[in-house]
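Only the coordinates and a few stated rules stand behind these numbers; no lab work does. The structure presented is a predicted model; accordingly, all values stated were derived computationally and were not measured. Using ideal geometry, Cβ is built from the backbone for each residue, glycine included, and neighbour counts are taken over all protein chains shown.
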Amino acid sequence: MKNSSSLSLPLDFNPSFDGFRGIAILLVILSHSYIASSESQLSRYWHWISITGWVGVDMFFVLSGFLITRILISSKSSQSYFKNFYVRRCLRIFPLYYLFLFFCFFISSDLIRLKTLFPVDKTHLLSHLTLTSNLLFAKLGFCPGSVVDISWSLSIEEQFYLFWPLLVWKSSVKNLRLYCLGILLLSETLRGFQYLIHGSMNETYFFTLTRWDGMIWGASLATLFFDPPLLNTFLKKSPFILSISFLMVLLSFSNGIHTSSPLLQLIGLPSLAIFFAALLLQLTSESILTPFFQIPFLRTLGRFSYGLYLLHQLVIAAFVNTHLFTSSWPWFQEIPLLGTILFQLIALLLSLFLAILVYYCFEIHFLNLKRFFYAPRRLLVASEN
């Protein structure tokens, strides 16, 4: 590690991050494609593993905060700082997202057969168009569960990045670290007040200010790379941080693994974010975890994770709403665990095929435009910390 007065961020491609994304999307798909259970002990274990796949969303939050914050800090001197960031972000997110909405709300909903496959509530269209569906679900206290409702987490990210580039641009790295601490305390305080006043945590799982902590922990990690001594300190302590945060996650799961659990939200969500941030820190240097996160299949999942995230619900809904899988495989009812695992595998592979197809036929044409909005990244001098 460099200890000189300046530090070049490790902005080069890190294949382990694709593996990290791959695990995140794999967990999400396992969670959404779990369709049956039985009384056997093995089935109960697989049920627990599958339905805790919602933690994949928190993995995405932490990674997003980390990657984007280190890019923002290192490109602060660019005259096109804001334009480059927002144009590149729009090119990455909007084309596929609005194509997805167009298909679900205007094509499938007007075709009789597809309408039954992919039901959507058209009264929610505006919230999806404006990327505020998470606020709608916070008001409702639950996620309705249609194929488009996956957008709630994307909405939280985009709301976060409306103000975050400005805060990064205005702040020194040290001050940014303090702002991160303030936002973390705010999120935890709001969750606590919600529980004390209403006795319910359903709303806080979707509300913007109480779900930013994952991205903030990722952003806090990014600031360490501009302070070599502090980075070295945390790198040495990361195994200990991983262990303690993992134990705290297990403690929060002791009262149930449903996301409305007060213990899970007040202790589990912050602990998960810390755990994933410490894991990312490990992956920035050579560690015993690196080979696992560079498994080619996981990296492939990670590379196409955005398309997988948006499109996998279409594949799952097509099977579930037609009963195609259960009616075609009579033994599914006789051996539900094997049938469930097979269904999850088929859903994953078909979703990957669809994501790759959409990527090369549609997404890549917009992503290629990002090269026109690239800001050279400079070194950050120690005095600017």
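Just to check I understand the Karplus step: with θ = phi - 60° and J = 6.51 cos²θ - 1.76 cosθ + 1.60, what whole-Hz values come out for the range 23-31, glycine and proline as x?
5, 4, 6, 4, 4, 4, 5, 4, 5
Using the Cα atoms of the range 58-104 to build a convex hull, what is its mean projected area in square nanometres?
4.0
Given only helices, namely DSSP H runs of n ≥ 4 each adding -39500 (n - 2.57), what is the per-residue ellipticity at 222 nm of the chain, to the nearest 500 deg cm²/dmol?
-21000 deg cm²/dmol
Can you give the convex hull volume of the alpha carbon atoms of the range 117-240 per residue, in Å³? All intermediate terms of the calculation are to be shown ahead of the outcome.
Numbers: hull volume 17.8 nm³, N = 124.
With only Cα atoms used, the range 117-240 gives 143 Å³ per residue.
Order of D213, D58, D121 from fewest to most other C-beta atoms within 10 Å?
On the way: D213 27, D58 23, D121 14.
Final ranking by Cβ density, sparse to dense: D121, D58, D213.
Can you give me the distance in nm between label points at L129 and L185, each placed 7 Å from the Cα along the Cα-to-Cβ direction?
If labels sit at L129 and L185, their model points lie 4.1 nm apart.
Binned at 10 Å from 0, what are the whole-percent values of the Cα-Cα distance distribution for the range 221-352, short to long?
Final binned percentages: 11, 24, 30, 25, 8, 2, 0.
HN-Hα J couplings of the range 148-165 from phi, Karplus 6.51/-1.76/1.60, θ = phi - 60°, integer Hz, Gly and Pro as x?
Per-residue couplings from phi come out as 8, 6, 4, 6, 4, 6, 5, 4, 4, 4, 5, 5, 4, 7, 6, 10, 4, x Hz.
Rounded to the nearest 10 degrees, what's the angle between the helix 228-253 long axis and the longest principal axis of the chain, both from Cα atoms, 0 to 90?
30
Which of (1) 57, 50, 48; (2) 68, 46, 46; (3) 162, 44, 38 is the computed Cα extents along the principal axes in Å for the structure on display?
So the calculated entry is the one marked (2).
Given the C-alpha centroids of the range 55-111 and the range 195-209, what is the distance between them in whole angstrom?
The two parts, judged by their Cα centres, are 26 Å apart.
With a ≥ b ≥ c taken as the square roots of the eigenvalues of the C-alpha gyration tensor of the range 11-126, please select rounded if a/c is under 1.5 and otherwise prolate if a/b is larger than b/c or oblate if it is not?
On the way: a/c = 3.46, a/b = 1.28, b/c = 2.71.
Since a/c reaches 1.5 but b/c is at least a/b, the shape of the range 11-126 is classed as oblate.
Do the alpha carbons of any pairs in K76/K236; K83/K170; K76/K370; K83/K370 sit beyond 20 Å of each other, and which pairs? Intermediate results must be reported in sequence, preceding the final value.
Details: K76/K236 29 Å; K83/K170 16 Å; K76/K370 18 Å; K83/K370 11 Å.
Beyond 20 Å: K76/K236.
Give me the net charge for the shell around I267: Cβ to Cβ below 14 angstrom, other residues only, Lys and Arg +1, Asp and Glu -1. Intermediate values should be presented prior to the final figure.
On the way: positive: R191; negative: D58, E188, D213.
That sum, taken over residues with Cβ under 14 Å, equals -2.
Treating only the Cβ of Lys, Arg, Asp and Glu as charged (+1, +1, -1, -1), what charge dipole size does the chain show about its Cα centre? Round to the nearest 20 debye. Walk me through the intermediate numbers first.
Working: 26 positive and 17 negative charges, 230 e Å.
I would put it at about 1100 debye.
What ³J(HN,Hα) values, in whole Hz, does the Karplus curve 6.51 cos²θ - 1.76 cosθ + 1.60 give for the range 65-78 when θ = phi - 60°, with x put for Gly and Pro?
Along the range 65-78, the couplings run x, 5, 5, 6, 5, 5, 5, 4, 4, 6, 10, 4, 7, 5 Hz.
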